[in-house]
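> Take this structure, written in structure tokens, and hold onto it; I'll ask about it next.
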Amino acid sequence: MKRFVILAYGLVCYAIFFATFLYAIWFVFTMDATPSGPLRPLSTRVLIDALLLAVFALQHSVMARQWFKRAWTRIVPVEAERSTYVLFASLALLLLIRFWQPLLGPIWQVQNPVGIRILQGLFALGWLIVLGSTFLIDHFELFGLKQVWFFFSGKEFKALGFVTPGPYRFVRHPLYLGFLTAFWSTPTMTAGHLFFAIMTTAYILLAIQLEEHDLTAIHGEQYRSYRKSVSMLTPWPRKKTS
């Protein structure tokens, strides 16, 4: 019975994640649109947005740390740990989308039709990079499905380990590069969108440091060597190996 429950739980968590992922794309694409209802005072809107981003960042950062996972799995079955992280991450993102307060006033606006199409193409490309990167490093393990399926099947689950497929040979974090590309590629940049892009960029740069600290602790010299030879977010200029 436990196997069925955990498998069903993992499937539900994944379904919530995927729906949230699609909703997030729409949210970023439409966040510069003029709202139909009345607006709160500017200071209140900025404070709410900052708090929503803080909740999202704290959830992602704290629940991803190894010390938290060790403590958390005393309560949550190990097989469902990743699915639970995915669920909480999705809920934090849904909270942000639902209560995000628009900050109007264009910072810049591209009028040229070619420029608009280029930025829209980059927006789509960014999200494709995000999704594609997850499949390169095992999408189903990353979002907890593999763990619950192995438990259901009575097989021993072993993490994929350290691999550098495709773009990971040129950029250490193509997934984050995809997010940055999507967040900044907009023909109309309002104050709210700019605030969102700046704050998420700052968080991504911090998250990379935390993530790489964990990866170095897990993979040791293998990851240190990778870090020295491959750039963090942009493939150019290439790092020189000694």
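Every number here is computed from the coordinates shown, using simple stated rules; none is lab data. Note that the coordinates shown come from a computational prediction; the quantities given were computed from them, not determined experimentally. Please note: Cβ atoms are built from the backbone with ideal geometry, for glycine as well, and neighbour counts cover all protein chains shown.
> Hey, among the residues in segment 130-161 that are part of a loop (DSSP other than H, G, I, E, B), in contact (Cβ under 8 Å) with a residue 60 or more places away in the chain and in contact with an Asp or Glu (Cβ under 9 Å, 6 or more places away or on another chain), which one's surrounded by the fewest Cβ atoms within 10 Å (Cβ to Cβ)?
Only one residue tops the list, namely Phe157.
> State whether one or more residues within segment 15-32 are over 24 Å from Leu131 (Cβ atoms) and among the hydrophobic types (A, V, I, L, M, F, W, C).
So far as segment 15-32 goes, no, none of its residues is over 24 Å from Leu131 (Cβ atoms) and among the hydrophobic types (A, V, I, L, M, F, W, C).
> Just to be sure before I move on: is Thr186 out of contact with any helix residue (DSSP H, G or I) (no Cβ under 9 Å at 6 or more places or on another chain) and surrounded by 19 or more Cβ atoms within 10 Å (Cβ to Cβ) in the structure I sent?
No.
> Name the residue, out of Thr20, Thr84, that is assigned to a helix (DSSP H, G or I), under 14 Å from the mean Cα position of the chain (by Cα) and not acidic (Asp, Glu).
Thr20 is the lone residue from the list that is assigned to a helix (DSSP H, G or I), under 14 Å from the mean Cα position of the chain (by Cα) and not acidic (Asp, Glu).
> Follow-up. For segment 36-53, how many residues are in contact (Cβ under 8 Å) with a residue 12 or more places away in the chain and within 26 Å of the chain's Cα centre (by Cα)?
The total comes to 7.
> Being exposed (fewer than 15 other Cβ atoms within 10 Å of the Cβ), touching a residue at least 12 places away in the same chain (Cβ under 8 Å) and part of a helix (DSSP H, G or I) is true for just one of Gly126, Gly178, Gly115. Which residue is that?
Result of the check over Gly126, Gly178, Gly115: Gly115.
> Something else now. Tally up the residues in segment 1-17 that are part of a helix (DSSP H, G or I), among the aliphatic types (A, V, I, L, M) and over 26 Å from the mean Cα position of the chain (by Cα), please.
1
> Among the candidates Thr200, Thr164, single out the residue that is closer than 30 Å to Ala217 by Cα, out of contact with any His (no Cβ under 9 Å at 6 or more places or on another chain) and surrounded by 18 or more Cβ atoms within 10 Å (Cβ to Cβ).
Thr200
> Right, something else. Quick check on segment 211-230. Is at least one of its residues assigned to a loop (DSSP other than H, G, I, E, B) and surrounded by 14 or more Cβ atoms within 10 Å (Cβ to Cβ)?
yes
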